[in-house]
Amino acid sequence: MCYEKEKTCRIGEFLYEAIRMGYSYNDSYKLLLTSKQGIGILSDKYEYVIHHTGRTSAIKADCEYGINYNKSNQSKVNGNTCSLIAEFIQLCHRQYNIPYDKIFSKISLEDFMKQLGNVLGNYDHKLVREYIL
């Protein structure tokens with residue numbers, strides 16, 4: 001069962017909280033991909049998509065897996081940016097059938113945000129074709 005709108009929201013919330021806690025964009029995404037909570041969100045598990053917020057899941061993932069990552073990032077983050085990243089990730093996955101773990105294999109999320117973060121939401125299909133595929 002897929003709760004697409006909620007799932008996208010949880011991805012954004014997860015990334016927001018992880019970045020707010022000091023993870024880089026890259027490590028935030030890796031935490032999403034490798035933690036039980038992140039995998040739960042990405043695989044549409046009710047507990048993680050409906051029952052918990054993405055921020056709660058990120059906090060739990062930090063407690064369980066945070067020792068494997070460096071939390072020295074000082075990036076400013078806002079919810080709108082993370083929502084746009086989540087929508088972009090879902091676009092890559094849903095419409096272009098790119099596995100979550102392959103989305104940022106050609107360009108890191110960190111580099112993507114530095115170079116293209118200011119145009120997210122406006123040219124997403126073109127960004128997928130030019131930088132992800």
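The values are calculated or read from the model by the stated rules, or taken from the named source; none is laboratory data. Remember, predicted model here, so these are calculated numbers, not experimental data. Every residue, glycine among them, receives a Cβ derived from its backbone with ideal geometry; neighbour counts consider all protein chains shown. In case anyone asks, the SASA skips ligands and DNA or RNA and just uses the protein heavy atoms, side chains included. Shrake-Rupley method; radii C 1.70, N 1.55, O 1.52, S 1.80 Å.
Answer yes or no: is there a residue in the stretch 53-65 that is without any contact (Cβ under 8 Å) to a residue 60 or more places away in the chain, surrounded by fewer than 22 Cβ atoms within 10 Å (Cβ to Cβ) and part of a loop (DSSP other than H, G, I, E, B).
First, the residues of the stretch 53-65 that are without any contact (Cβ under 8 Å) to a residue 60 or more places away in the chain: 53-65.
Retained after the next criterion (residues that are surrounded by fewer than 22 Cβ atoms within 10 Å (Cβ to Cβ)): 53, 55-56, 59-60, 62-65.
Okay, now just the ones that are also part of a loop (DSSP other than H, G, I, E, B), so 53.
Yes: the stretch 53-65 contains one or more residues that are without any contact (Cβ under 8 Å) to a residue 60 or more places away in the chain, surrounded by fewer than 22 Cβ atoms within 10 Å (Cβ to Cβ) and part of a loop (DSSP other than H, G, I, E, B).
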> Conditions: (1) part of a helix (DSSP H, G or I); (2) within 17 Å of Glu17 (Cα to Cα); (3) polar (S, T, N, Q); (4) more than 16 Å from the chain's Cα centre (by Cα). Asn70 meets all but one. Number of the miss?
Replying inline: (1)
>> Here's a check for you: in the stretch 77-98, which residue that is over 18 Å from Arg10 (Cβ atoms) and not hydroxyl-bearing (Ser, Thr, Tyr) is surrounded by the most Cβ atoms within 10 Å (Cβ to Cβ)?
In response: Ile98
> Do any residues in the stretch 66-79 that are in contact (Cβ under 8 Å) with a residue 60 or more places away in the chain have Cβ atoms under 8 Å from those of residues that are open to solvent by 70 Å² or more (accessible area, probe 1.4 Å) and not in a loop (DSSP other than H, G, I, E, B), where the two are at least six apart or on different chains, and which pairs are they?
Replying inline: Val77/Arg20
> For the stretch 95-133, what are the residues that are assigned to a helix (DSSP H, G or I), closer than 17 Å to Ile39 by Cα and without any contact (Cβ under 8 Å) to a residue 40 or more places away in the chain?
Replying inline: Lys102
